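This report concerns only the one structure given below.
The values are calculated or read from the model by the stated rules, or taken from the named source; none is laboratory data. What you are looking at is a predicted structure, and each value in this text was computed from that prediction instead of being measured. Please note: Cβ atoms are built from the backbone with ideal geometry, for glycine as well, and neighbour counts cover all protein chains shown. The protein model used for the area step is the full one, side chains on, heavy atoms only, and it has no ligands, DNA or RNA in it. Shrake-Rupley method; radii C 1.70, N 1.55, O 1.52, S 1.80 Å.
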Amino acid sequence: MAAKRVIIVGAGIAGLAAALRLSQAGWEPVVIERAPARREGGYPVVFSGVGRAGAQRMGVLPALRERQVSAFDLAYLRADSRPRFTVPHTAVRRLFGDGGMALLRGDIEDVLHEAVADQVRIRFGATVTAVTQDDEGVDVTLSDGSAERADLLVGADGLHSTVRALVFGPEDRYRRDLGHVVAATMLDQRPDGAPERAFSTVTTVGRTFTVADLGDGRVAAFFTYGTAAPDAELAEGPRRALQRAFPGPAWAVTELLADLREEAVYFDSVSQIVMDRWSQGRVVLLGDAAWCVTIFAGYGSSLAVGGADLLGAELERRPADIPGALRAWEQALRPEVLERQRKGRANTGVHAPRNRFEIALRDVPLRLAAVPVVTRLLGRHLG
Ligand SMILES: Cc1cc2nc3c(=O)[nH]c(=O)nc-3n(C[C@H](O)[C@H](O)[C@H](O)COP(=O)(O)OP(=O)(O)OC[C@H]3O[C@@H](n4cnc5c(N)ncnc54)[C@H](O)[C@@H]3O)c2cc1C
């Protein structure tokens, strides 16, 4: 019998994980990626839970382990770079729990790409412009005018998913802005004021800046700030918007923003995607396209990999009933997604505290985090 075909839109973590898991299940995937080539870098993420379990089943956990960022402190600094307090790396390790790994988003993508490179065709520089389906399959028209037919279409094309817009309706029907903007970029070097092998954070009223020294000469920076009108900030572009939102800390951001390569910056609204259904017939959304939980939940990569793994398992279980497999998959995954979204919403104040009191309040558990019993409780709370 011929292998079932799946078209996957998006070669991010969700799309590549789906390509890997479905090819392991005997499917023939084709990946459609809008970017002209593989994207690089990203920002550090904590990878754990369902993501780690899925990665283990797919056989990529050892490769991910090799890339993990180990032994870093969390340094909380004043605006002038003097230390306020530090959570030492031993306590950070306990906070992550046994399974948690710090990884660069781009490294997770890399590992998944290496695992699928020989078996999966990726069409770069292409997107989808139309989708229709019948009882037997789904037809996709691509931006170059070509057409593909498959048994299943996976929309893994992120927060601003085109597959979602084409099949489920416009983004504003599902997007819930959390009133913040996030920017992330890689740096050529660590700013002098930031300690080595640390994630250094400066929080002032309404904004947070973090610079992460990841070792091997890799340094990432990210910014979050509160705003009532995220779309207006995005329209301005990262350099101008960040220069206005971050008049300091001068030792870290002034030069960085002046030299910012805008095309290398991730710059977006912090928004969740809330949908009653993630599938319709033979079309399914996966990852941020379906349920973006946001940076405030800190679990999107894990859900993308875990969700892909579970999707493959359900499709293996019900090979003759694809819509039924998709419904079963949704039912199994939804409780965890809803819980992570709830945590994400509850965390919004942490990144852009409204006053100095909220900053002090946020700091209490962090200052205590070096105490083992508190670390264990915190770890449980953060999940
Ligand atoms: C600053 C920051 C920190 C984070 N920290 C964590 C963390 O600690 N832990 C964690 O687990 N998660 C974290 N996340 C979330 C995590 O990065 C995402 O949830 C995860 O990468 C989801 O990946 P995705 O593949 O669904 O979407 P994306 O990474 O957005 O990938 C979508 C892909 O689709 C492509 N694409 C888009 N539109 C089209 C189109 N029309 N046609 C074809 N291709 C298209 C894009 O180019 C991209 O390659 C963080 C996110 C941010 C922004």
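V9 sits among other residues whose Cβ lies under 12 Å from its own Cβ, and their net charge, with Lys and Arg +1 and Asp and Glu -1, is 0. Mean sequence separation of contacting Cα pairs (under 8 Å, at least six apart), scaled by the length of the chain, corresponds to a relative contact order of 22 percent. Under the convention that each Lys and Arg Cβ holds +1 and each Asp and Glu Cβ holds -1, the size of the dipole of the chain around its Cα centre is about 1400 debye.
Computing FRET efficiency as 1/(1 + (r/R0)^6) for D80 and R149, where r is the C-beta to C-beta distance and R0 is 45 Å, gives about 0.15. Tell me, how many Å apart are the Cα centres for segment 164-179 and for segment 188-237? Measuring centre to centre over Cα atoms gives 27 Å.
Of the residues A150, A212, A235, the one that moves most in a GNM of the chain with alpha-carbon contacts below 10 Å is A235. When only alpha carbons of the chain are considered, Rg and Dmax amount to 20.9, 67 Å. Exposed loop sites, defined as GluC sites (Glu not before Pro) outside DSSP H, G, I, E and B with at most 16 other Cβ atoms within 10 Å, are absent from the longest region of the chain, namely 197-383. In plain terms, the chain from T141 to R317 could stretch by 60.4 nm, reckoned as 0.36 nm per residue minus the Cα-Cα distance. What the Cβ-Cβ distance of S70 and E358 gives, at R0 = 25 Å and to the nearest 0.05, is a FRET efficiency of 0.20. Scanning residues 5 or more positions from Q133 or on other chains, those with amide H under 5 Å from its amide H are D139, with H placed 1.01 Å from N in the peptide plane. According to the square roots a ≥ b ≥ c of the eigenvalues of the Cα gyration tensor, what is the shape class of segment 193-269, taking rounded for a/c under 1.5, prolate for a/b larger than b/c otherwise, and oblate for the remainder? Cα axes put segment 193-269 in the prolate bin.
When the trypsin sites (Lys or Arg not before Pro) in segment 232-326 are filtered for DSSP coil states and for at most 11 other beta-carbon atoms within 10 Å of their beta-carbon, the remaining sites are R261. Here the sum of -39500 (n - 2.57) over DSSP H runs of 4 or more residues, divided by the residues of the chain, equals -12000 deg cm²/dmol at 222 nm, to the nearest 500. Quantify, in whole percent, the carbon and sulfur part of the accessible surface of the chain (1.4 Å probe; protein heavy atoms only). Summing carbon and sulfur atoms, their accessible area is 50 percent of the total for the chain. Label positions at A346 and D192, each projected 7 Å from the Cα along the C-beta direction, are separated by 4.3 nm. Computed from backbone phi with θ = phi - 60° and the Karplus coefficients 6.51, -1.76 and 1.60, the 3J(HN,Hα) list for segment 231-245 is 4, 5, 5, 5, 5, 6, x, x, 5, 5, 5, 6, 4, 6, 6 Hz; x is used for glycine and proline. Label-to-label distance, R38 versus T132, with points set 7 angstrom from Cα along the beta-carbon direction: 3.7 nm. Which distance in Å, rounded to a whole number, links the C-alpha centroids of segment 62-122 and segment 322-339? Here the answer is 28 Å between Cα centres. Segment E114..A63, full-extension length gain: 17.4 nm, with 0.36 nm per residue of separation and the alpha-carbon distance subtracted.
Modelled spin labels at A2 and E263, positioned 7 Å past Cα toward Cβ, are 4.0 nm from each other.
Looking at the chain, the accessible area is 44 square angstrom per residue; that uses a 1.4 Å probe and ignores ligands, DNA and RNA.
If the segment from F124 to Q280 were pulled out straight at 0.36 nm per residue, it would be longer than the present Cα-Cα gap by 53.6 nm.
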